[in-house]
């Protein structure tokens, strides 16, 4: 019998078809040979019981020549396991983390430290959601610190300050920090941004193993929370980066002008 998993019926079959194809391509690109592909799939294959009461989470299908039929095997894998394989391989899963593809492209060249940290967070979502949340916090913190390093921004905040303090300082620079002089709608945006950053920081400090926990302390183990936090980080990060580029456009060197009358032709 097959071991049933809960996400199987919650993912659109159309989406699963596309995801399966993307995962298949990623596996062949990563491992190339049938032997290594089989070794990789074996690490996801779970078996339990004995010949009289045998169970597995999916069947490994063989091709006529005896090697693994990867496409057929993947199509027989439940949605939850397929999602975990996709995340392990770095395959984009936009239906579950909608902003990630855009966010990755936005930060990979400009915020290299944040990009590397965020990639690690993405891969830890399913296996270690608390670690993913801690890394996501660090990625957002790195982006804000990088923006505050801009020479056109005057700030006395220390790099050692936490996410909430860094975010507060940046919102002051952007003139979005909530105060009585702002219009209500702008004040609401600033307050919401601060609340999101504060909540992410609190989750990292209080509900993960970052600072060490005792047996009675609650630590996040549900990937759903990690998905939510990473979605929040991508949304906030993209907004801050876009607003930064609008308020402080990149400086481009101007080429010296050439008077056409001085040209020898």
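For segment 69-84, enumerate the residues that are modelled with pLDDT under 85 and crowded, with 21+ Cβ neighbours inside 10 Å.
Matches in segment 69-84: 83 only.
Which of the residues spanning segment 67-95 are in a loop (DSSP other than H, G, I, E, B) and out of contact with any helix residue (DSSP H, G or I) (no Cβ under 6 Å at 6 or more places or on another chain)?
Once the filter is applied, which keeps residues that are in a loop (DSSP other than H, G, I, E, B) and out of contact with any helix residue (DSSP H, G or I) (no Cβ under 6 Å at 6 or more places or on another chain), segment 67-95 yields 69, 76, 77, 90.
Every residue, every condition in (1) buried (at least 18 other Cβ atoms within 10 Å of the Cβ); (2) part of a helix (DSSP H, G or I); (3) at pLDDT below 90, yes or no:
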| site | (1), (2), (3) |
| --- | --- |
| 234 | yes, yes, yes |
| 237 | yes, yes, no |
| 245 | no, yes, no |
| 251 | no, no, yes |
| 254 | no, no, yes |
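Tell me, please, whether a residue that is at pLDDT 90 or above, in a helix (DSSP H, G or I) and within 12 Å of residue 227 (Cβ to Cβ) can be found in segment 106-116.
Looking through segment 106-116, none of the residues is at pLDDT 90 or above, in a helix (DSSP H, G or I) and within 12 Å of residue 227 (Cβ to Cβ).
May I ask you to list the residues in segment 36-45 that are in a loop (DSSP other than H, G, I, E, B) and either surrounded by 11 or more Cβ atoms within 10 Å (Cβ to Cβ) or in contact (Cβ under 8 Å) with a residue 60 or more places away in the chain (or both)?
Selection gives 44, 45.
I need a count of the residues in segment 156-172 that are farther than 25 Å from residue 230 by Cβ and either surrounded by 14 or more Cβ atoms within 10 Å (Cβ to Cβ) or outside the structural domain of residue 242 (by TED's automatic domain parsing) (or both).
2
Would you confirm whether any residue within segment 118-135 is assigned to a helix (DSSP H, G or I), touching a helix residue (DSSP H, G or I) at 6+ places or on another chain (Cβ under 8 Å), within 20 Å of residue 247 (Cα to Cα) and in the same structural domain as residue 203 (by TED's automatic domain parsing)?
The answer is no, given that none of the residues of segment 118-135 is assigned to a helix (DSSP H, G or I), touching a helix residue (DSSP H, G or I) at 6+ places or on another chain (Cβ under 8 Å), within 20 Å of residue 247 (Cα to Cα) and in the same structural domain as residue 203 (by TED's automatic domain parsing).
Are any of the residues in segment 49-66 assigned to a helix (DSSP H, G or I) and either under 21 Å from residue 123 (Cβ atoms) or modelled with pLDDT under 95 (or both)?
So far as segment 49-66 goes, no, none of its residues is assigned to a helix (DSSP H, G or I) and either under 21 Å from residue 123 (Cβ atoms) or modelled with pLDDT under 95 (or both).
The values are calculated or read from the model by the stated rules, or taken from the named source; none is laboratory data. Small disclaimer: the values here were computed from a predicted structure and weren't measured. Neighbour counts run over all protein chains shown; Cβ positions are idealised from the backbone, glycine included.
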